[in-house]
Each structure stands twice: as structure tokens, then as C-alpha cells.
Protein chains: 2
Amino acid sequence: MAIPRAAKTQRRTRIQEEKEELILEAALDIFSQNGFRGATIDQIADAAGMSKPNLLYYFRTKEAVHRQLIDRVLSTWLEPLRAFDATGDPESEIRSYIRRKLEMARDFPRESRLFANEILQGAPRIEDELKGPLKELVDEKAEVIRVWARAGKIARCDPYHLIFSIWSTTQHYADFDVQVRAVLGQAHSGDGRFEDAARFLEKLFMDGLRVR
Amino acid sequence: MAIPRAAKTQRRTRIQEEKEELILEAALDIFSQNGFRGATIDQIADAAGMSKPNLLYYFRTKEAVHRQLIDRVLSTWLEPLRAFDATGDPESEIRSYIRRKLEMARDFPRESRLFANEILQGAPRIEDELKGPLKELVDEKAEVIRVWARAGKIARCDPYHLIFSIWSTTQHYADFDVQVRAVLGQAHSGDGRFEDAARFLEKLFMDGLRVR
DNA sequence: CGATAATTTGACCGCTTGGTAAAAGCTTAC
DNA sequence: GTAAGCTTTTACCAAGCGGTCAAATTATCG
């Protein structure tokens, strides 16, 4: 008699881990393409190769799936910013931050779109994460940038808007991929566009931040 | 006996114009907040102060509302790019393009989010516009930028990625408004953030594009 | 006014949706 | 093996959805 949803026992089964992984992977596909409201449990269950009630055996609600997905993805998503090193060389730290963010846009576009969808629609489910952990991390790194600017190592600029502009330019290649490809046309829609973008962005930010 | 949906007569009524306007205005609110699938006809009808069947008297389907909204907004949205003048001074043309795009993000955030939602979800309903009119316009302006670069008036750079970066940095303040506000905190969430952003972006692009 | 067309509404339909119940099938440990 | 718990499925429900219909109401114009 399976009274409880998987997890009455403290210990998680092998099957539980496998299936939850499968569900989250499928949910990432569906949520990132359709947003929370636009995605259906049936779609996700289908993509995960199981029935709807079976999925609901592992996650109580659609929101629970989404919740766990967001939590998991958020931490990996902020990794590049966390790696921003106050003791490193300013120019190369910023350069490598741009490069890493762009690589993430290329390699994990679904994760990027998941967040974009969420924030675009008012972030009803992750407001706390934005105002808490995210803000704190950005505050910390903004201070680093400000110190660099004061020390004359990079041009004086608003560190928050610098971070926003790096986020937006890099994530653009994941979130607005369809538009980018449509505009570039077939000729430049290969993976080369990421290298072109990297070259352009590095030059833009390096020249824009150089002390003059 | 009202056999046809409004428009059997060639001439549109005063009421027709008013109500259609009202519906599109309400639909902009709802669609931009929830995306196409996430929005319901009931929500839009409510926001427009009428019943669902009444809304469907003016627009045959939900998609028809969305369609007309997109068509209308697209042309105004591209206005700043169209205004890009090949005969003008490169630096001031680019500077004023950035400023105008940022003003649009501030003054018409719903329009920006409507597109962002659409493109994020694969642009199923506007693919043709992207590959047709949009691409042609961008191609034309990219050529202008390339000529400027060849003439040594601005730094050599990939014109397409330059345009993408202007789009993304400016629209970020509309599309990711919630995140921007969460990170900046209450202190900087006033309208001042647009002036700060303008200052930052103008410096970034001007220094990044200056011939050196 | 009165007739005709334009507008609005309430009731309704078929389908999809998130979620439940209960029983059947499967694993695992003894 | 067998009993206990874990997993999966079939059948189902209530609410929400896009959209229709016909009747009621209102505006327009001679």
C-alpha cells in the first residue's frame, strides 16, 4: 500500500533518484519553451516517458517540479559570477566572465530561457531569490568592481549597470536565439556566431572599460 | 440581426474603433504579462470591461487579437532603427539610437515584453516577420555601419553583433525589470535607474567604438 | 416614431487541464 | 517464497479553457 508520495521513507530509492532526474530534465525542456502556465504536466510526463499520475507520484504538483528546477538551476547559473575573483587581474577577470557567460548561453540555453520566462512574467515564484541571494551576490561583486575603478585599474563606471549589460548581451544569444538566427540568416547561423559574438563583446567591454 | 462579426459593412463604426482599441490595450497588458498561452480571453475581456462573447464579436479568435497587436506594435518598435541615418554623424547616430531604444524600454515596457515573450517561446507566430522585414531592415543598417567602419569613422566591428548588443542592453531594462529592481534595491529603483543606464551605455558604446 | 442594423449578454458545448483514488504490478529483505 | 512497501496504471473529477448560439438590448437613420 503506497500511502505516501515517494519520500515517506527518509532514504530515497535508486528508482526515485533516476525518475526525479528524468522528470526534471524533461521539465527543463518544456518549461523553458512554454513558460510555467504554458507548460502542461502531460507534456512533461510524455517527454519523461511516463504517465501523468506517475509524474505526480514523484512531485506533488506542477509547481513543485518548477520550484525544484529553479532552485537547482539558479545555483549553477550564478557560478560564473561567484567565480569573479577580487584578487585577480581586473581586465582578465571581466574578460573571462564574459566568455563564461557566453559559453553558458551556448551550452545551456534552456536554463537561460527558464529564468527569462520566469522574470519576464514578473518572477512570481522567485522574487525572494532575486531580492535575497542574488542581490547579495551582485552587491558583493559590484563592490569589487568599484574598488578596481577607484584604484584606476578600470574606467570608472556604474558596476551594477556593467553587470546588467554583461548579463543581457550574453544571455541574448540564448533567450533571443530565434531572432538572432533569423537576422543573421542561414549563412551565419552555424556555431560560428558564438565566436563572432565573443570577439565583438570582448572588444566592446575591454575598450569601454579601459582607462583613458 | 447581427449576422456577421463586426466588419460586414465596409465602414467601421465609431463603437467598433473604440472597442477594438480598448481590447488591444487590455490585451497588451495581459499578453505581455503572461505570454500567449498564459493569457486567457476572459482575462483580456475583464481588463477591457466587457464580456468574453463581446470581445469575440470584435475579434474572431484569441490569436486574431494577438496577431493584430503584434502587427501594430512591430512597426512602432522598429521606428528607432529605421531612423538610423546613413548620412548623419556616426557617433551621434549611434548615441541617439541607444538613447531612443532606452526611452522605449522605459516608456513602452509592455510592448517590449510582448515581443520578448513571443521570441522566447520560439516566435511561432512571427517567424515570417523576423526573417522578412526585420532581417531586411537590419541588413540595410548593418551595411551602413560597415561603411562607417571602413571609412574609419568608427572602430571596425561586426555590425550585426553591435545591433544585437544595443537591443539586448536596452531592452533588458524593460524585459528584466523585476530583476533589475530587485538587484538595485529600493534605493535605486526610482526612475533614476534609466538615467544611470543611459550614462553607462553611452560611455560603454562610445568608448568601445571609438577608433584607436 | 419605427425599422433596420449593430452590439451585448447568458447559457452552453466540447476539450484540456491539474490533480485524485484505488487497485494492480513490481522490488526488496527476510 | 512471501509479505511489506514501492511503483505504475486505469479511470475519473471538477474547474478552466476557447469558442458558439440565439435571444435581448441598444444605436442609427429616414
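You will find that of B:146, B:150, B:199, B:193, the residue that is open to solvent by 30 Å² or more (accessible area, probe 1.4 Å) and touching a residue at least 12 places away in the same chain (Cβ under 8 Å) is B:146 and no other. Just so you know, in the stretch A:22-48 the residues that are within 13 Å of DNA strand C (Cβ to nearest atom) and in contact with a Lys or Arg (Cβ under 6 Å, 6 or more places away or on another chain) include one that is nearest to residue A:62 (Cα to Cα), and it is A:41.
Pairs only if they're at least six apart or on different chains, beta carbon under 7 angstrom, first in the stretch B:99-114 and assigned by TED's automatic domain parsing to the domain that holds residue B:125, second β-branched (Val, Ile, Thr); list them, first residue then second. Going by the 7 Å Cβ cut-off, the qualifying pairs are B:101/B:166; B:101/B:170; B:102/B:170; B:105/B:170; B:111/B:73; B:114/B:73. Taking the criterion of being within 15 Å of the chain's Cα centre (by Cα), polar (S, T, N, Q) and facing another protein chain (nearest Cβ under 7 Å), the only residue of the stretch B:101-142 that qualifies is B:117. Among the residues of the stretch A:49-60, those identified as in contact with a Lys or Arg (Cβ under 9 Å, 6 or more places away or on another chain) and either exposed (fewer than 15 other Cβ atoms within 10 Å of the Cβ) or at pLDDT below 95 (or both) are A:54, A:60. Output yes when any residue across the stretch A:69-92 is within 16 Å of DNA strand C (Cβ to nearest atom) and either closer than 22 Å to residue A:175 by Cβ or of a type in the set (D, E, K, R) (or both), and no when none is. Yes, because at least one residue in the stretch A:69-92 is within 16 Å of DNA strand C (Cβ to nearest atom) and either closer than 22 Å to residue A:175 by Cβ or of a type in the set (D, E, K, R) (or both). In the stretch A:85-142, the qualifying residues are those that are in contact with a helix residue (DSSP H, G or I) (Cβ under 8 Å, 6 or more places away or on another chain) and β-branched (Val, Ile, Thr), and the one that is modelled with the lowest pLDDT is A:126. Looking only at the stretch A:121-130, filter to residues that are without any contact (Cβ under 8 Å) to a residue 40 or more places away in the chain and within 15 Å of residue B:38 (Cβ to Cβ); which one of those is least open to solvent (accessible area, probe 1.4 Å)? Taking the candidates together, the pick is A:123.
Criterion first (acidic (Asp, Glu) and within 9 Å of DNA strand D (Cβ to nearest atom)) does residue B:63 satisfy it? It is true that residue B:63 is acidic (Asp, Glu) and within 9 Å of DNA strand D (Cβ to nearest atom). Here residue A:82 fulfils each of the conditions (1) more than 13 Å from DNA strand D (Cβ to nearest atom); (2) at pLDDT 95 or above; (3) open to solvent by 60 Å² or more (accessible area, probe 1.4 Å) apart from (2).
Give me a count of the residues in the stretch A:20-55 that are assigned to a helix (DSSP H, G or I) and within 30 Å of residue A:168 (Cβ to Cβ).
The total comes to 18.
Pairing residues of the stretch A:56-74 that are within 14 Å of chain B (Cβ to nearest Cβ) and in a helix (DSSP H, G or I) with residues that are within 16 Å of DNA strand D (Cβ to nearest atom) and of a type in the set (A, V, I, L, M), at Cβ distances under 6 Å and at least 6 apart in sequence or on separate chains, gives A:62/A:41. Among the residues of the stretch A:168-189, those that are closer than 23 Å to residue A:114 by Cα and more than 7 Å from every other protein chain (Cβ to nearest Cβ) comprise A:170, A:171, A:173, A:174, A:177, A:181, A:189.
The values are calculated or read from the model by the stated rules, or taken from the named source; none is laboratory data. Fair warning: this is a prediction, and the values are worked out from it, not measured in the lab. Cβ atoms come from the backbone with ideal geometry, glycine included; neighbour counts cover every protein chain shown. Protein only, heavy atoms only, side chains kept; ligands, DNA and RNA dropped before computing areas. Shrake-Rupley method; radii C 1.70, N 1.55, O 1.52, S 1.80 Å.
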